[in-house]
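The values are calculated or read from the model by the stated rules, or taken from the named source; none is laboratory data. Small disclaimer: the values here were computed from a predicted structure and weren't measured. So basically every Cβ, Gly included, is an ideal-geometry build from the backbone, and we count neighbours across all protein chains shown. These area figures cover heavy atoms from the full protein model, side chains too; ligands, DNA and RNA do not enter into them. Shrake-Rupley method; radii C 1.70, N 1.55, O 1.52, S 1.80 Å.
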Amino acid sequence: MEPADVVFGLLVIGFLAVAYSIVRRTRQRRAAWASGLTARARVVRQWRTTQVVNNLPRTTQWHEYDFTTADGRAVVFKEGGGPHTRGVGDEVAVHYTAEDPERATAVAPQPGKDTASMILALVLLGVGVLLLLGLWVSGP
């Protein structure tokens, strides 16, 4: 087995893992919205991460929230992609499920936008996988 085979295989596996995580998080948000359970949460921490790809920085705003469920459980969860204007001490409404409140979301329900974003990301990842497989099969 050539080293290039290993690299291409790992890249394909990486693309598939990203696709899986996008679908999983979309389903978690939908379940939280559909449950009808909401609570007031407080931002206890915020930070930013930056990734540089092709000399273009991509910054993600992260927040850590804490809230109490309807049955009295204290929950802390982290979520990326929140607004830059949200700061420590701010209170927001969160949606959660009774079975898994740690998978809550502070994103307001927007199922159409969420589905469209997921489909676009999956199409782009699918194209990437097909390109990688085409390069892999065609060889050097």
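Give me the residue from region 80-98 that is of a type in the set (Ser, Thr, Tyr) and touching a residue at least 40 places away in the same chain (Cβ under 8 Å) and, out of that set, surrounded by the fewest Cβ atoms within 10 Å (Cβ to Cβ).
Residue satisfying both the conditions and the ranking: 97.
Take the residues in region 1-38 that are among the β-branched types (Val, Ile, Thr) and under 27 Å from residue 109 (Cβ atoms), then tell me which one is surrounded by the most Cβ atoms within 10 Å (Cβ to Cβ).
Among them, the one singled out is 26.
Scan region 123-140 residue by residue and report those that are open to solvent by less than 80 Å² (accessible area, probe 1.4 Å) and in contact with a helix residue (DSSP H, G or I) (Cβ under 6 Å, 6 or more places away or on another chain).
125, 128, 129, 132
Could you pull out every one of the strands (runs of 3 or more DSSP E) wholly within region 40-140 that has 3 or more residues that are among the charged types (D, E, K, R) and under 18 Å from the mean Cα position of the chain (by Cα)?
Qualifying strands (runs of 3 or more DSSP E): none found.
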